Ligand SMILES: Cc1ncc(COP(=O)(O)O)c(C=O)c1O
């Protein structure tokens with residue numbers, strides 16, 4: 001057994017990040033400035049988007065996207081229960097209603113065939129979530145969205161670098177929102193990006209990310225100087241700092257290497273677990289690129305004497321840090337109380353949650369770390385599987 005704890009997630013930070021951040025600090029420009037511009041430009045190029053607007057979280061990115069489309073109180077936005085708090089809370093910011101549709105048990109992504117039935121005259125947008133970094137069924141989602149003239153806002157917090165039918169995630173929908181939170185596939189500590197090809201929406205997001213201040217106003221109306229600005233709406237304070245963007249640039253430059261490493265860790269895990277009856281390895285699809293932000297193992301509980309919580313404890317006892325993704329939204333007190341949900345309202349989300357465990361998967365892991373995880377999982381199985 002390992003004698004030191006293997007964290008569930010760790011960022012891959014080396015001299016390149018330190019050099020970029022040092023350059024930002026030494027330049028004297030520590031908040032939004034040239035590094036942020038460069039990060040936006042390079043990220044837009046990496047995902048094939050016309051506009052990339054850097055913000056301080058994916059939550060902020062999704063909030064601004066919904067603001068840009070003019071979401072109002074009483075409107076509805078369709079998403080899934082199998083996600084993190086952020087996806088639905090941004091809808092609630094507007095006093096609008098998150099309408100949940102259940103997920104596909106194979107990949108835990110939105111069931112596109114349930115979408116049409118969830119659309120009403122109040123629906124204003126669809127937010128699919130690419131769970132773990134495997135893109136949702138975007139063709140079908142877009143087909144339904146087009147029929148009802150609805151924008152698609154992808155929650156791509158897990159999905160860089162991912163692609164769907166050879167198109168990078170970030171280049172497909174009206175909006176794509178990325179996260180650079182500490183545990184994500186590239187990190188700026190806290191950070192996010194809004195990608196869109198739509199000029200007016202991009203401009204609105206840019207303005208609302210910084211207090212609703214229109215820079216164009218002074219460009220158009222005065223030649224006096226840059227001190228003048230106009231507030232055109234009560235905006236937010238969502239801008240990314242140059243210190244964070246510097247970190248992001250270094251991470252972006254090694255994103256491909258980090259992705260390859262995660263992909264190879266996922267392949268090792270799946271090779272080790274695919275034939276174990278008590279385990280179900282993650283679903284992959286040949287027509288899309290998985291970012292492997294998470295490796296979501298599922299337990300076949302009928303084959304085990306212990307439940308998921310005990311399985312987690314057994315791995316922790318063996319010094320392996322694991323996590324659970326996600327406690328579905330509809331079983332949390334807030335959503336239960338406001339909307340009267342019961343666990344069985346979204347049976348796939350609920351039942352898959354009961355048997356999910358996320359294993360460590362990050363580029364800093366050594367081969368020995370990967371083997372330790374495999375050994376620990378197989379040991380727990382050997383001790384607790386029903387024969
Ligand atoms: C699916 C999903 N969406 C959104 C977010 C929010 O990202 P951020 O922390 O950058 O706001 C997360 C964060 O963990 C997430 O997992």
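Every number here is computed from the coordinates shown, using simple stated rules; none is lab data. It should be emphasised that the depicted structure is a prediction, and the values quoted were computed from it without experimental measurement. Every residue, glycine among them, receives a Cβ derived from its backbone with ideal geometry; neighbour counts consider all protein chains shown.
Quick notes
- The Cα-based radius of gyration of region 104-211, divided by its Kirkwood radius, gives an Rg/Rh of 0.98.
- On Cα atoms only, tilt of 138-147 relative to the major axis of the chain in degrees: 50
- Proxy reagent accessibility, fewest Cβ within 10 Å first, across 29, 227, 201, 292: 227, 29, 201, 292
- Whole-Å distance, taken between Cα centres, linking region 150-217 and region 316-352: 26
- Share of pairwise Cα separations in region 159-317, more than 20 Å, in percent: 67
- Helix-only [θ]222 nm of the chain, DSSP H runs n ≥ 4, -39500 (n - 2.57) each, per residue, nearest 500: -11500 deg cm²/dmol
- Taking only the Cα atoms of the chain, the ratio Rg/Rh comes out at 0.99, with Rh defined as the Kirkwood radius.
- Footprinting exposure proxy ranking of 15, 356, fewest other C-beta atoms within 10 angstrom first, gives 15, 356.
- Taking 153, 141, 231, 119 and counting other C-beta atoms within 10 Å, the order from fewest to most: 231, 119, 141, 153
- With only Cα atoms counted, region 45-158 has Rg and Dmax values of 13.3, 37 Å.
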